[in-house]
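**Student:** Encoded as structure tokens, here's the structure I'll be asking about.
The values are calculated or read from the model by the stated rules, or taken from the named source; none is laboratory data. Given the structure is predicted, the values throughout are model-derived calculations rather than measurements. Cβ coordinates were reconstructed from backbone atoms using ideal geometry, including for glycine residues, and neighbour counts include every protein chain displayed.
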Amino acid sequence: MARHIKILNELEKKKFQYPPFLSSDDRKKIFKFTEWELKSISELRTNSNKVGFILLYNYFKEIKKFYMPQHFNKADITYVAKYLNINIRDISFKKHIKNTYMRYRQLILKKLGIQKYSIRTQKLVLNEALLLCSSRKKTKVIFVGLLDFMRRNKIEIPTYYSISEIISDALKIFEASLIKKIDEHLNRKDKGFFDQLFEFDDKYYDSQNEMSKIKRYKLTLLKKINQSTKPSKIKENIKDLQMLKALFDKLRPFINKLKLSSEVIRYYSQILIKSQIFQIKRRDKNKYLLIICFIINQYYSLNDILIEKLIQTTQSNTNSCLKIHKENFYKDRYNKQELFKDSINSTHTSSDGQKYIIAVDSLNSNFSFKYFGKGKGVSVYSFIDGSHRLFYSTVISSSEREASYVIDGLLYNDVVESDMHSTDTHGYSEIIFGITHFIGVTFAPRIKNFKDQRLYGFENKSC
């Protein structure tokens, strides 16, 4: 592993190493020109030192990081110089003396109560890096986590390369501790068991494939997990799962002892998946760490995928069955409706009343304790066809019988010509039966307690 691992790209690195770009409003908020600042620069001889000290102090107060004077923003230099009534041409940081710069840093750290980045604070940052590495987060996440840690604990933020070096060391230490644990729990027999994965698969040793140029390692065959739902591919996954289970059972006794987080397992597993097998064979230190993490990750991943495919297939079949059932249901319902139709062009209508409370005076409103309590209300008598389309309605008193208005709805509309009409018990009477017969409409009411009613009939339809 390199001494400095790559964490940030060039653009991010430049943004970290250079002072932030400040707007005019930001400058007014950041540069306060306090009494302490003005007193401190009064003892300085050159104008460059005065402006440099103000910028160094305020940048650090805001970011908790010191920047090189050569990197100061020109707009910020102009703003400070204008406030101090200094000519911008008198300011130059090209020959900034290092000792002077270090003296300013110590003075600012003491004023703000920030710990200098030293060997002692470096150990604190390294311990935090080890905690972050134990969950094997991405290096950029570790980098940001260390910046937050240093700000919380009032530690000076060092250069990018210093933080990169700490993360590199933390990763080395963490990996070394894992390798040590594995060496303590894996004996020579166990290692030989896992070394079998670096051998060619048995199917490449038969008479047909013995001279084949393309030979696959057992470990290579376990890398790819098929996502297909075809039975042949699922069988291949099950076969791989059985092999992984045998390896996983071998590891089970000391998996808990290693205390590997899911992020660590996934990280080292991906290294093996992306590497060539001959490259893994050459690794003497972390070869078995990679194999163990690979086996654990593939075992759980393959289990998840097979369960997912089972759920997916079951849901797909369930949806297909529901679709067929719905189609059969609607087809059966349509056939039943056809049985009850007198003819293809017949129209079946119905009417019923709904009660509404009226809060204002109305000629049609009336008292009805059953429906309105102590208030008044009306009944809206509505007519609809078989498609639930409203073609006639009228407002009547809630105390009137609805049967008196059935003929009105059948005759006084120009929209629907009814062949059969239905009402509830409140909408029928013997007279309605007779009138509907003479106007050519079949009256089919839904009568309550039908068995208790008196029935009438005609001897001949022509009567």
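**Student:** Answer yes or no as to whether TYR67 is assigned to a loop (DSSP other than H, G, I, E, B), more than 30 Å from LYS285 (Cβ to Cβ) and hydroxyl-bearing (Ser, Thr, Tyr).
**Tutor:** yes
**Student:** Restricting attention to segment 110-129, does a residue exist that is at pLDDT 90 or above and in contact with a Ser or Thr (Cβ under 6 Å, 6 or more places away or on another chain)?
**Tutor:** Looking for residues that are at pLDDT 90 or above and in contact with a Ser or Thr (Cβ under 6 Å, 6 or more places away or on another chain), one finds at least one in segment 110-129, hence yes.
**Student:** Restricting to segment 62-89, name every residue that is free of Cβ contacts under 8 Å to residues at least 40 places away in the same chain and either out of contact with any His (no Cβ under 8 Å at 6 or more places or on another chain) or surrounded by 12 or more Cβ atoms within 10 Å (Cβ to Cβ) (or both).
**Tutor:** MET68, PRO69, LYS74, ILE77, THR78, ALA81, LYS82, ASN85, ILE86, ILE88, ARG89
**Student:** Can you name the number of the only condition in (1) in contact (Cβ under 8 Å) with a residue 40 or more places away in the chain; (2) surrounded by 12 or more Cβ atoms within 10 Å (Cβ to Cβ) that GLY113 fails?
**Tutor:** Of the numbered conditions (1) in contact (Cβ under 8 Å) with a residue 40 or more places away in the chain; (2) surrounded by 12 or more Cβ atoms within 10 Å (Cβ to Cβ), the odd one out for GLY113 is (2).
**Student:** Among the residues of segment 225-253, which ones are surrounded by 11 or more Cβ atoms within 10 Å (Cβ to Cβ) and in a loop (DSSP other than H, G, I, E, B)?
**Tutor:** Correct list: ILE225, ASN226, SER228, THR229.
**Student:** Here's another thing I want to ask about it. Could you tell me whether LYS218 is modelled with pLDDT of 75 or more, under 30 Å from LYS180 (Cα atoms), in contact with a helix residue (DSSP H, G or I) (Cβ under 8 Å, 6 or more places away or on another chain) and surrounded by 12 or more Cβ atoms within 10 Å (Cβ to Cβ)?
**Tutor:** no
**Student:** Could you please give the count of residues in segment 254-283 that are among the polar types (S, T, N, Q) and buried (at least 16 other Cβ atoms within 10 Å of the Cβ)?
**Tutor:** 1
**Student:** Can you confirm whether segment 446-463 contains a residue that is hydrophobic (A, V, I, L, M, F, W, C) and in contact with a strand residue (DSSP E or B) (Cβ under 9 Å, 6 or more places away or on another chain)?
**Tutor:** Within segment 446-463, not a single residue is hydrophobic (A, V, I, L, M, F, W, C) and in contact with a strand residue (DSSP E or B) (Cβ under 9 Å, 6 or more places away or on another chain).
**Student:** Are there helices (runs of 4 or more DSSP H) fully within segment 1-62 with at least 1 residues that are under 35 Å from the mean Cα position of the chain (by Cα), within 30 Å of ILE173 (Cβ to Cβ) and charged (D, E, K, R)? List them.
**Tutor:** 10-17
**Student:** Could you pull out every one of the strands (runs of 3 or more DSSP E) wholly within segment 359-430 that has 1 or more residues that are among the β-branched types (Val, Ile, Thr) and modelled with pLDDT of 85 or more?
**Tutor:** 376-384, 390-397
**Student:** Still on this model: May I ask you to list the residues in segment 385-433 that are among the hydroxyl-bearing types (Ser, Thr, Tyr) and in contact with a helix residue (DSSP H, G or I) (Cβ under 7 Å, 6 or more places away or on another chain)?
**Tutor:** Of everything in segment 385-433, those that are among the hydroxyl-bearing types (Ser, Thr, Tyr) and in contact with a helix residue (DSSP H, G or I) (Cβ under 7 Å, 6 or more places away or on another chain) turn out to be TYR392, THR394, SER398, SER418, THR423, TYR428, SER429.
**Student:** Test of understanding: among SER135, SER92, SER48, SER40, which residue is among the polar types (S, T, N, Q), in contact with a Ser or Thr (Cβ under 7 Å, 6 or more places away or on another chain) and crowded, with 17+ Cβ neighbours inside 10 Å?
**Tutor:** One residue alone meets the criteria, SER48.
**Student:** For residues in segment 81-109 being in contact with a helix residue (DSSP H, G or I) (Cβ under 6 Å, 6 or more places away or on another chain), over 21 Å from THR34 (Cβ atoms) and assigned to a helix (DSSP H, G or I), which is modelled with the lowest pLDDT?
**Tutor:** ASP90
**Student:** Further question: Looking at this structure, is ASP201 in contact with a helix residue (DSSP H, G or I) (Cβ under 9 Å, 6 or more places away or on another chain) and at pLDDT below 70?
**Tutor:** Taking the combined requirement at face value, the residue satisfies it.
**Student:** Here's a follow-up. Could you tell me whether GLY434 is assigned by TED's automatic domain parsing to the domain that holds SER368, at positive phi and not aliphatic (A, V, I, L, M)?
**Tutor:** no
**Student:** Taking the conditions exactly as written (at positive phi and touching a helix residue (DSSP H, G or I) at 6+ places or on another chain (Cβ under 9 Å)), does LYS154 satisfy them or not?
**Tutor:** yes
**Student:** Could you check segment 8-28 and list, in sequence order, the residues that are surrounded by 11 or more Cβ atoms within 10 Å (Cβ to Cβ) and either of a type outside the set (A, V, I, L, M) or touching a Pro at 6+ places or on another chain (Cβ under 9 Å) (or both)?
**Tutor:** GLU12, LYS13, LYS14, LYS15, PHE16, GLN17, TYR18, PRO19, PRO20, ASP26, ARG27, LYS28
**Student:** Quick one: how many residues across segment 379-436 are of a type in the set (S, T, N, Q), surrounded by fewer than 18 Cβ atoms within 10 Å (Cβ to Cβ) and under 26 Å from ILE358 (Cα atoms)?
**Tutor:** The total comes to 7.
**Student:** Here's a follow-up. Considering each residue of segment 7-43, count those that are among the hydrophobic types (A, V, I, L, M, F, W, C) and within 23 Å of ILE114 (Cα to Cα), and give that number.
**Tutor:** Total meeting the criteria: 7.
**Student:** If you don't mind, there's one more thing I want to ask. Any residue in segment 167-175 that is among the small types (Gly, Ala, Ser), in contact (Cβ under 8 Å) with a residue 12 or more places away in the chain and either buried (at least 17 other Cβ atoms within 10 Å of the Cβ) or part of a helix (DSSP H, G or I) (or both)?
**Tutor:** The answer is yes; a qualifying residue exists.
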